[in-house]
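So the structure is just underneath, and the comments pick up after that.
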Amino acid sequence: MGAVERRGLSAVAELAVLVGLQASGKTTFHERCLSGRHVLVSKDRFPRSARHKQARQMRLVEEALAAGLSVTVDNTNPSPEEWAPLVAAGRAHGARVTAYWFPPDLAGSLRRNADRPGRERVPDVGVHATLRRLRRPAPADGFDAVYDVRFDGRGGFEVRVAVADGPRQLSVDD
């Protein structure tokens, strides 16, 4: 059901769930690494006054997966409460479900966030609140793969298979 024919080959759609603080590089990563292959779904693209953002997001994800398209969900997705419905949707459509984990760098996120223009800037309290809920995803959460994503220092990203040490709660000191 989640497969799409491409040049005579059957390819499985991917649901890429980005997990990390605001201003951690998630959107830039999507633009540089996934945008040519994935449809972007992000609550940030909805009008501020939009109601039922979670339901709208899930509808867009379901529609894309049903059409055999790969999807990137670009939100903070800090915990199983946020990513479990996405994992379930991916499974229901036979998609490969992948988590891209952006390890927290609170100082860096706050610095990049402060440089955002106008309404794109998130109040610092929001970044801190996300950090308190942020949990590293693991295959045990239903993901087919989990990758660590970090800035490479040259304007790009370094992506590595995450170490399978299981889920753990993060603190500001991590």
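Table for the structure above
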read-out: Options Arg136, Arg132, Arg168; residue that is touching a strand residue (DSSP E or B) at 6+ places or on another chain (Cβ under 8 Å) and at pLDDT 90 or above; value: Arg136
read-out: Residue list for the stretch 36-58, filter: more than 21 Å from Ser24 (Cα to Cα), among the hydrophobic types (A, V, I, L, M, F, W, C) and surrounded by 14 or more Cβ atoms within 10 Å (Cβ to Cβ); value: Met58
read-out: Selected residue (only one of Ala99, Ala114, Ala107 is closer than 25 Å to Asp141 by Cα and among the aliphatic types (A, V, I, L, M)); value: Ala99
read-out: Selected residue (only one of Ala23, Ala16 is modelled with pLDDT of 75 or more, in a strand (DSSP E or B) and not hydroxyl-bearing (Ser, Thr, Tyr)); value: Ala16
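The values are calculated or read from the model by the stated rules, or taken from the named source; none is laboratory data. Here the structure is a predicted model, which means the values were calculated and not measured. We place every Cβ from the backbone using ideal geometry, glycine too, and count neighbours over all the protein chains shown.
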